[in-house]
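Participant: Structure provided below as structure tokens; questions to follow.
The values are calculated or read from the model by the stated rules, or taken from the named source; none is laboratory data. Keep in mind it's a predicted model, so treat the numbers as computed, not measured. Backbone-built Cβ (ideal geometry, glycine too); neighbour counts: all protein chains shown.
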Amino acid sequence: MPLIRPLSQSLINKIAAGEVIERPASVVKELMENAVDAGAGRIDVTIRAGGGELVRVVDDGCGIPAEQLPLAVASHATSKLAEADDLFRVTTLGFRGEALASIAEISRLVLRSRTPDSPSGAELEVVGGKPGEVAPCGSPPGTSIEVQNLFFNTPVRRKFLRTTQTEFGHISEAFARIALACPEKHFTLRHNDRSVFELPACDDWRDRIGRLFGRELAEQLIWVESGDGDVRLSGYVANPAQSRGNNRMQYLLLNGRHIRDRSLQHALSEAYRGLLMTGRYPIAFLRFEMPPEMVDVNVHPTKLEVRFQDGGRLYGQLLAAIRQRFLTTDLTAQVRTADDTPESSHDPAQTAAMRQELVDWAKGQVAGWGRNGAAGSSPPSFDEASPCPQPHDPLQLNRIDRPGEAPGQSSGNGGQPSGHRDGGAIPQVPNGLPGRSSSALQVHNRYLVAETDDGVTIIDQHALHERILYEALRRRVLDGAIESQSLLVPEPVDLGPSEAATVLENCELLARLGVVVEPFGGDTVLISGYPAMLANFRPADVLQELLSRLIEGGKQPDGRDILDALLHTIACKAAVKAGDRLAPEEISALLEQRHLVDDAHHCPHGRPTALVFTREELDRQFRRV
Ligand code: ADP
Ligand code: MG
């Protein structure tokens, strides 16, 4: 007969740790949340070796009295809940009283703390759940917690740790979520003695977003807010020009806590319906404030998911707020000047420089227009009579000699030599589509400048070409019409064990992209077929790149995302690069193809492919109005 026995406290703690502490990033999250709950104004996070070696979080919060240190690391001990009812109106990030006990069970934890009114600090060390004695120590007011050798006594967990880089990636994400929620606090993050984030306290949330996620993104965000009784929603969403291939850039903060919520994510997608391509997700930074009793935060071990009393109302409120805002917003990516956005936190020097560039460029443009005949004339090499077998095939723009192609095909470019690039065939020039946009200046071998009906457009050649290829590839993949070229000598590629497994698990998906791989014994795979458009790149390199996309996207349950990521990778590789000098007819071809894509304004990474300067804006810059 099996005996029923109570579990030891140590085992209980290990089981709890299993739920709460999945990886070093979980430690960072719990310690930072404690610091926030302690009312800290400054929180410094130090990491060594992806957190496996050390996680240290230092705060200047309320501290813990010396005699309470053993309780802080005991399980089910908390200062944040007193009675059962408190559980239904939680106003702190923590409340279960199990994080420190769990962490201490599976690491060496050193806790030092001092309350503001005590003359000195005290410290307590716990190794594998065994606490030492509380001893006095020097310490500034506040708390410092050091966690070393995480998982040293739980080998299975330790085995599941990924590379330092991956673990640190998770740590940065955990750090960002908390730093995002508390712009009024100063945060720093260091990894292996390198400063990764230095975030001074700020009043403007956009500033914090910009430091965490990039200023370019932050500057184009659109403010949304709405108040419906005691539920308030406020924050930023991105211009549809900026989107992502997954929903990880949707930050939802509920009463200062980062949450995931399918229904709210759905409301976001719904608000952007028709503005984003399929497979693209909106970017959002949104805060929801509501009385704590309207939400149950005690439904998920790491409190990532919550239960709303009235989820439907929240859904409607979010959807309406964004739709309303979009109705009154010009969503085309325009170059803004400081005058347009007085409330934004532009760097004034940058704005001035941009303005000067614009003025300089426009002066040059005006001087050149007479010569270039902006209205409809084509470059001299644009041979309208030349045969053009597939005039509108966007894939023809790739700059690769395709072995086995009919010789006549290369005459479609009007016989221009292609010597200025290695091995690049000149793309097909579609004829019969004259128009202003088929002629353009090319500046710095990087940007194409074209006149439009109501202004001028500056196009990023790489981004546009990538977009065109991506669209065309996607269409072909969906039609099952991608061309794969059998390799005369199949290429063996040595991979790591899990890499080989990933490749073979996904060989059907890869085949749809024209990359044919087979097992070759051990951790070696054989590439036997290869997409014609990538003939210029080593199959092994391309496979490695696709593989890293597969690994990154491995956790994504939605198969389409990963296909999307692979398409991006191929399009990016095959596209012309910034710095490639294009022949005039290549420029024309690019500009013509621009009409063939669904969304010519953005490359698949969501960067704009084109900036539009309206004539009005130019007139204003030149003080004509
Ligand atoms: P919880 O946060 O759920 O209460 P923890 O195990 O994370 O549980 O922390 C236990 C207790 O230790 C907290 O309730 C709090 O009183 C104290 N504590 C932990 N970290 C800090 C800190 N950085 N500053 C002040 N007190 C802290
Ligand atoms: Mg806690």
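Participant: For the range 1-39: of the residues being among the β-branched types (Val, Ile, Thr) and within 16 Å of ligand 2 (Cβ to nearest atom), which is farthest from residue 127 (Cα to Cα)?
Facilitator: So the residue we want is 36.
Participant: How do the pairs read when you match residues in the range 262-280 that are at pLDDT below 90 with residues anywhere that are surrounded by fewer than 14 Cβ atoms within 10 Å (Cβ to Cβ), using Cβ under 6 Å and keeping only pairs 6 or more apart or on different chains?
Facilitator: These pairs meet every condition: 279/560.
Participant: In addition: Being polar (S, T, N, Q), within 16 Å of ligand 2 (Cβ to nearest atom) and in contact (Cβ under 8 Å) with a residue 60 or more places away in the chain narrows it down to one residue among 188, 143; which is it?
Facilitator: 143
Participant: Name the pairs: first residue in the range 464-478 and closer than 13 Å to residue 565 by Cα and in contact (Cβ under 8 Å) with a residue 24 or more places away in the chain, second residue assigned to a helix (DSSP H, G or I) and among the β-branched types (Val, Ile, Thr), Cβ to Cβ under 9 Å, at least 6 apart or on different chains?
Facilitator: 470/570; 473/570
Participant: Can I ask one more? Please work out which one of (1) on the phi > 0 side of the Ramachandran plot; (2) in the same structural domain as residue 14 (by TED's automatic domain parsing) is the condition residue 214 fails and give its number.
Facilitator: Among (1) on the phi > 0 side of the Ramachandran plot; (2) in the same structural domain as residue 14 (by TED's automatic domain parsing), residue 214 violates only (2).
Participant: Residues 35, 122: which one is within 8 Å of ligand 1 (Cβ to nearest atom) and not in a loop (DSSP other than H, G, I, E, B)?
Facilitator: After ruling out the rest, the residue left standing is 35.
Participant: Another question, if that's okay. Under 7 Å by Cβ, and 6 or more places apart or on different chains, what pairs join a residue from the range 54-83 that is in the same structural domain as residue 115 (by TED's automatic domain parsing) with one that is acidic (Asp, Glu) and more than 9 Å from ligand 1 (Cβ to nearest atom)?
Facilitator: Close Cβ pairs satisfying both conditions: 54/146; 56/146; 58/44.
Participant: Okay, next question. Given the criterion closer than 24 Å to residue 206 by Cβ, surrounded by 15 or more Cβ atoms within 10 Å (Cβ to Cβ) and of a type in the set (Asp, Glu), identify the matching residue among 261, 296.
Facilitator: None of the other options fit; the residue is 261.
Participant: Restricting to the range 239-259, and then to whatever is aliphatic (A, V, I, L, M) and touching a residue at least 60 places away in the same chain (Cβ under 8 Å), can you tell me which residue is nearest to residue 222 (Cα to Cα)?
Facilitator: For the range 239-259, the residue satisfying everything is 241.
Participant: Looking only at the range 58-98, which residues are near ligand 1 (Cβ under 7 Å from one of its atoms), closer than 20 Å to residue 17 by Cα and modelled with pLDDT of 95 or more?
Facilitator: Answer for the range 58-98, where residues must be near ligand 1 (Cβ under 7 Å from one of its atoms), closer than 20 Å to residue 17 by Cα and modelled with pLDDT of 95 or more: just 72.
Participant: Being outside any loop (DSSP other than H, G, I, E, B) and within 14 Å of ligand 2 (Cβ to nearest atom) is the filter here; which residues of the range 69-91 pass it?
Facilitator: Selection gives 71, 72.
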